[in-house]
Amino acid sequence: RWSLPMAMSITHRGTGVALSLGVSLFGLAALVLPEQFPHYLAMVKSLSLGPALIYSAKFTLAFPFSYHTWNGVRHLV
């Protein structure tokens, strides 16, 4: 039977794996891609994405960082 601590532990491990993969892929992309970061940032800005999509992407990137950090602090306390 599922319990809240078990679900939080699984989510903590999942966000840790996601953060590890994300940082590794970002670092690999920085080494392999031919242009500098501002070029790719301008390319994304030129897509004229709507605010809902931009805020959803920001939340998708920020959630693993915040959850993993605060759950780690909770575990240490």
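The values are calculated or read from the model by the stated rules, or taken from the named source; none is laboratory data. Since this is a predicted model, take the numbers as computed values, not measurements. FYI the Cβ positions are ideal-geometry reconstructions off the backbone, even for glycines, and counts take in every protein chain you see. Surface areas here come from the heavy atoms of the whole protein model, side chains and all, with no ligands, DNA or RNA. Shrake-Rupley method; radii C 1.70, N 1.55, O 1.52, S 1.80 Å.
Assorted remarks:
- Residue identified as of a type in the set (A, V, I, L, M), touching a residue at least 60 places away in the same chain (Cβ under 8 Å) and in a helix (DSSP H, G or I) among M43, M8: M8
- Those residues of the range 19-32 which are surrounded by 10 or more Cβ atoms within 10 Å (Cβ to Cβ) and over 16 Å from the mean Cα position of the chain (by Cα), in sequence order: A30
For every residue, the table says whether it meets (1) out of contact with any helix residue (DSSP H, G or I) (no Cβ under 7 Å at 6 or more places or on another chain); (2) of a type outside the set (A, V, I, L, M, F, W, C); (3) at pLDDT 95 or above; (4) more than 30 Å from L4 (Cα to Cα).
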{"residue": "L25", "(1), (2), (3), (4)": "yes, no, yes, yes"}
{"residue": "L28", "(1), (2), (3), (4)": "yes, no, yes, yes"}
{"residue": "P34", "(1), (2), (3), (4)": "yes, yes, no, yes"}
{"residue": "P51", "(1), (2), (3), (4)": "yes, yes, no, yes"}
{"residue": "V77", "(1), (2), (3), (4)": "yes, no, no, no"}
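- Criterion (assigned to a helix (DSSP H, G or I), over 11 Å from the mean Cα position of the chain (by Cα) and charged (D, E, K, R)) met by exactly one of R1, R74: R74
- Of all residues in the range 33-60, those being open to solvent by 90 Å² or more (accessible area, probe 1.4 Å), under 17 Å from the mean Cα position of the chain (by Cα) and either farther than 22 Å from A18 by Cα or not β-branched (V, I, T) (or both) number 4.
- The lone criterion from (1) loosely packed, with under 12 Cβ neighbours inside 10 Å; (2) touching a residue at least 24 places away in the same chain (Cβ under 8 Å) left unmet by G16 is number (1).
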